[in-house]
C-alpha cells in the first residue's frame with residue numbers, strides 16, 4: 001500500500017512494487033510505501049520481516065530485482081555514491097568501525113559528500129561537526145578514539161556522523177538497540193526534533209529532514225513516530241498512525257504472540273503487552289489473519 005503525499009512536491013521516499021531476493025528467497029515481495037517530507041516513520045515487525053532489507057534497498061546496498069525506489073523524486077539506483085550521500089544518511093545496526101579513529105574525525109567523515117576530493121575542511125564543515133557532536137551528547141568524548149567507547153557511545157557517534165552529513169533523509173536500523181533507557185529516549189527525541197524543527201536550505205519553514213527507522217520496541221515507535229509500517233513475511237501489512245496500526249489482533253497475527261494494547265497513562269500513546277505465544281491453530285492462520293485486517297493507512 002502507498003500513502004498519499006501533499007501538493008506538487010515529491011515524497012521524501014517512495015518505493016513502488018519493490019521485490020528483493022537473497023539466494024532464491026524473497027525477502028521483500030512487491031513492497032510499496034510513500035513517506036512524506038518531515039515525517040518520522042517506524043518500520044516494525046518480527047525478525048526476518050524485511051525491515052533491514054528495505055533500508056538497504058533505499059541506501060543502495062542492495063538492488064531490487066523489480067520495482068523502483070525514489071528519494072526526493074530521483075531514482076535511487078541512478079544516483080552516484082556522492083549523490084546518494086547528499087540525499088540519504090544511514091545509521092546502521094552494526095556500528096563497528098574498521099579503524100580506531102578519533103571520534104571527531106569519524107563524525108567529520110559525514111561531510112565527505114559536500115567536499116571535492118582534495119579540498120580541506122571548511123568552516124561550515126567544522127560547524128556542522130560541532131553541532132552534530134553537541135546534539136548527540138558526544139562532544140565530551142570527541143577526542144577519544146572510537147575503540148575506547150562503549151557500544152551505546154559508539155551508536156551515538158555514528159548518529160552524529162549521519163547528522164553532520166546533513167542529508168534530508170535519515171535511515172536508522174535499530175538505533176536504540178545498544179542504548180540504556182535514558183539514551184533511547186534521547187536519541188529518538190532527537191530524531192523527532194529533527195523532523196519537527198528543521199528548515200529547508202533556502203530558509204523556508206518546510207521540514208527538511210525525514211526519518212525512517214526500523215524499531216523493535218513497539219512502545220517507543222508509538223511514542224515518537226508519526227506513522228508506523230507493519231511488515232510481515234516481506235510485505236507491508238498496514239501503514240498508519242500508531243493507534244491504528246498497533247492493534248492486538250493485527251500484532252498477534254504478525255508476531256505470532258497474543259498481545260494486549262492499552263493507552264499509556266502518561267504519554268497517551270499505545271502500549272503493547274505480549275502475553276504469550278499463540279496456539280498452533282491460531283499461528284497457522286497468521287498470514288490470512290493479517291491480510292484480512294482493514295488497511296490502516298490514514299491517507
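Values in this text are rule-based calculations from the coordinates and carry no lab data. In this text the structure is predicted, and so the values were computed from the model without any measurement. Cβ placement follows ideal geometry from the backbone for every residue including glycine, while neighbour counts extend to all protein chains displayed.
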Note to self: Compute the distance from the alpha-carbon center of region 37-115 to that of region 210-244, in whole Å.
What the structure shows: 18 Å
Margin query: Show me, bin by bin at 10 Å from 0, the whole-percent P(r) of region 128-280 based on Cα pairs.
Written below: 10, 34, 31, 19, 5, 0
Check: Can you give me the relative contact order of the chain as a percent, contacts being Cα pairs under 8 Å and 6 or more apart?
Finding: 21 percent
Notebook entry, point to check: Based only on Cα atoms, what Rg/Rh ratio does the chain have, Rh being taken as Kirkwood's radius?
Noted result: 0.97
Checklist line | Cα Rg, Dmax (largest Cα-Cα span) when computed across region 63-138, Å | finding: 15.0, 43
Margin query: As a footprinting exposure proxy, order 56, 131 by other Cβ within 10 Å, with the fewest listed first.
Written below: 131, 56
Note to self: Please arrange 273, 112 by how many other C-beta atoms lie within 10 Å of their C-beta, fewest to most.
What the structure shows: 273, 112
Next item on the list: Treat each spin label as a single point 7 Å out from the Cα along the C-beta direction, and report the residue 61 to residue 82 distance in nm.
Entry: 2.4 nm
Notebook entry, point to check: So in the chain, what percent of DSSP beta bridges are antiparallel if you round to the nearest 5?
Noted result: 60 percent
Note to self: Given a 10 angstrom Cα cut-off, can you work out which residue in 122, 178, 66 is the most mobile in a GNM of the chain?
What the structure shows: 122
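Gain in length, residue 17 to residue 196, computed as 0.36 nm per residue apart minus the alpha-carbon separation, to one decimal in nm?
Gain in length upon complete extension: 61.5 nm.
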Margin query: Using Cβ counts within 10 Å as a stand-in for footprinting exposure, how do 216, 114 rank, fewest first?
Written below: 216, 114
Notebook entry, point to check: Per the Cauchy relation, a quarter of the hull surface: what is the mean projected area of the convex hull of the alpha carbons in region 116-174, in nm²?
Noted result: 5.1 nm²
